[in-house]
Amino acid sequence: VRARLYSVSSTRLAFIPVLTRKTQHQRFPIVEEAISGMRTQPCIHDVVVTVRQAGCLYRFHLFFKNHCLLPFNPTVSALVPGRQWNGDILVMRVGVAVLGVVNMRGDDARLADFAVRQ
């Protein structure tokens, strides 16, 4: 499934493939392979964010780490000037008809950036 990565190892935002595990009713992302710093901070935090645009609701699942011993994230700093973020952020789109995560489309990039800024 395609996701948007705000990485500590790059200054460019990128869409990356993320493996998922599918049950009979839901699709679960395996985000541990996409997010760095597992030795420094083994836990990954997550939150579901809803963005409203032109009367439509879009839901995104954000997976992230923020720890003082993790590397500085230049992509978040470029997106939100003055914000200090140490660690990766992975954004995945939540399905409407499908439970769990679905592929992000090109138009979702702007909405994902907005969700990360908040």
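The values are calculated or read from the model by the stated rules, or taken from the named source; none is laboratory data. Predicted, not measured: the structure shown is a model, and the values here were computed from it. Glycine also receives a Cβ, built like all others from the backbone with ideal geometry; neighbour counts cover every protein chain displayed. Keep in mind that these areas ignore ligands, DNA and RNA; they rest on the heavy atoms of the full protein, side chains included. Shrake-Rupley method; radii C 1.70, N 1.55, O 1.52, S 1.80 Å.
Brief remarks follow.
- Residue 68 being more than 25 Å from residue 19 (Cβ to Cβ) and either of a type in the set (Ser, Thr, Tyr) or open to solvent by 20 Å² or more (accessible area, probe 1.4 Å) (or both): yes
- Number of the condition not met by residue 111 [criteria: (1) part of a helix (DSSP H, G or I); (2) out of contact with any strand residue (DSSP E or B) (no Cβ under 6 Å at 6 or more places or on another chain)]: (2)
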